[in-house]
Amino acid sequence: MSVNATYVHCFSCGWGGDIVHIVQQLDGLDFHSACAQLGGQQVAEPRLWMPPGSAPPPEPAPELGQIDLTPLVNLAHAELMAQETQLARQAGVYLRGRGFREEDWVRFRLGIISQDTPGELLPLTSLRVWPDGKTERRPAWSWRERILIPDRDSDGNVVYAKARLFLPQQPTQAGRRPPQKYLNPAGLSTRPFGFERMPFKGDLLVVEGELDALSVASCYTGSVIAVAGVHNFKQVHADALAARLGRVYLLLDPDCVTVGAAPAGGTVDARRIVELLMSAGCDVRLVSPLSGDPADDVNALLVRWGPQQLARQLHERVRVAGKVRRRAPVSSASSLDVDALVSLLSARELRVV
């Protein structure tokens, strides 16, 4: 870096400027505010000098501006309920196989996105800025031939939606990435699925996966939200949940058990979510897995047990989790022994079968 009495230049990144530009960078001010802070007069803003051959700073990208997803949800739901196309019938077979009855389709406004779904109803996936300055918003064509899972607020308004694969996929060619199981609309809420319909007060049950959470919500009497995989749970999610008044119960997957002296991958994932929630100030309790078989997700158990038995299992495990003493206060996430707590929850005396 070159620094003299009137100018500074970084040879690594190419940035350069005088004292005004430095104050702008340090204090986050515009040019005129930086001049005023330095006691200068209002002058025309100069161009930022860049070394010869370097590219000019990029213009800020325009905001995506996502569309209203309500028309898509209504059309997709009507097509699923009609069961007139082969795709809709395949989706119906898939949903019934995961424990969702027709009344559940209506309750959760589930739908199917077909190849005939108009492109103007699909969520926007990206922007393209042409040389003449015009912007082109591109629809998410990859949402077609997927089940649509809308997220609604307490008044029934669509605030979010996800599209899930359900058809058998062809083997992926070498060097190509397989399609994502779930697709999210760009630029919308980063809150957990189901957050907008939660009451402000009361305990909350957190389940991994949107369809698993809907299976729980179909028979569980409390508030349920979904996290889209443990690796997608962020600090912003924990902060949103911390604003509520009530305990947060985390339903563990069957792989959250201790294997020998080394914790399983699920235990590590549970530790990460618990630490994020506790660092945000949440009162966290771990709910023991519904089954010891890693292949058993909530949907499979709903089909095997039925809604009444699944509800009894959930309520009993939540009751037991509420009585388990924690080894650390809410504000001390770093000292929480999640591995030991998971082992305790998986012990025979705490299993309710």
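Bear in mind these aren't lab numbers, they're just calculated from the coordinates by the rules spelled out. Quantities reported herein were computed from a predicted structural model and do not represent experimental measurements. Here the Cβ is made from the backbone with ideal geometry for all residues, glycine too, and neighbour counts use every protein chain on show.
Odds and ends about this structure:
- Electrostatic bookkeeping for V298 treats Lys and Arg as +1 and Asp and Glu as -1; over the other residues with beta carbon under 10 Å from its beta carbon, the sum is -4.
- Within-13-Å neighbourhood charge of R319 [Cβ basis; K, R +1; D, E -1]: +3
- Projecting label points 7 angstrom from Cα along Cα→Cβ for R96 and A36 puts them 7.0 nm apart.
- Radius 13 Å from Cβ of R197, net charge of other residues (Lys, Arg +1; Asp, Glu -1): +1
- Linear extension gain, Q115 paired with D203, 0.36 nm per residue minus alpha-carbon span: 27.6 nm
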